[in-house]
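The values are calculated or read from the model by the stated rules, or taken from the named source; none is laboratory data. These figures come from a predicted structure and were not determined experimentally. All Cβ positions, even for glycine, are placed from backbone atoms using ideal geometry, and neighbour counts span all protein chains on display. We work out accessible area using only protein heavy atoms, side chains counted, and drop any ligands, DNA or RNA first. Shrake-Rupley method; radii C 1.70, N 1.55, O 1.52, S 1.80 Å.
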Amino acid sequence: MTCAYDFQTTTLDGQPLDLAGYRGKALLVVNTASRCGFTPQYEGLEQLWQSYGPQGLVVLGFPCDQFGHQEPGDAGEIGSFCSLNYGVSFPMSTKVEVNGANAHPLWQWLKARKRGALGIAAIKWNFSKFLVGRDGQVIERYAPTTKPEALEGDIRAALGESRAE
């Protein structure tokens, strides 16, 4: 696989999602969880989707239960929680693993392209984020503690807009 658009996933409602359909758009790929201290970041992610989606940003949520069993629900429960509590309307994948032998291929690829702190590839916690440019290549990786609103300058740059605040 040579770019993010080479991958597929399945949406929370069981539909196939081929990322090739997003070719030419910037992607913000995030591993999410409903019972995490960072869960309120859903609000900021939704705001990014609403603000920058028309300019070509796609926020993609990938629920993951590998960190402290903080995403125990099934697809229906996850979708309901995100919609009711945070108004999430951006595309959400079915639950995936982001580390280990069973990690989703997209996450394997992302981690190989951009390592985290101290050069470690593994995802350390929920709400790790990857910004992918319109060319399908990883631009940056962000820690779970990085709030979505802090990404706006990089997102605007990825979309070809000015980085000026």
Please give the calculated 222 nm ellipticity per residue for the chain, where each DSSP H segment of at least 4 residues contributes -39500 (n - 2.57) and the sum is spread over every residue; nearest 500 deg cm²/dmol?
-7000 deg cm²/dmol
What percentage of the solvent-accessible surface of segment 11-165, computed with a 1.4 Å probe over protein heavy atoms, is contributed by carbon and sulfur atoms?
51 percent
Restricting to Cα pairs below 8 Å that are 6+ residues apart, what does the relative contact order work out to for segment 1-157? Please round to a whole percent.
30 percent
Could you check the spin-label model distance between His69 and Thr2? Points 7 Å from the Cα along Cα→Cβ, value in nm.
4.5 nm
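Determine the per residue accessible area of segment 1-49 with all protein chains present and a 1.4 angstrom probe, expressed in square angstrom. Display every interim value, and only then the final one.
Working: 2170 Å² over 49 residues.
It amounts to 44 Å² per residue over segment 1-49.
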Placing each pseudo-label 7 Å from Cα in the direction of the beta carbon, Glu140 and Arg23 end up separated by a distance in nanometres of 2.8 nm
Please give the per residue accessible area of segment 63-139, computed with a probe of 1.4 Å over protein heavy atoms only, in Å².
46 Å²
Residue separation between Ser51 and Thr11 times 0.36 nm, minus their alpha-carbon distance, gives in nm 12.2 nm
Return the label of the correct value of Kirkwood radius over Cα pairs in Å, as calculated from the structure shown, out of (i) 17.8; (ii) 15.7; (iii) 16.1.
(ii)
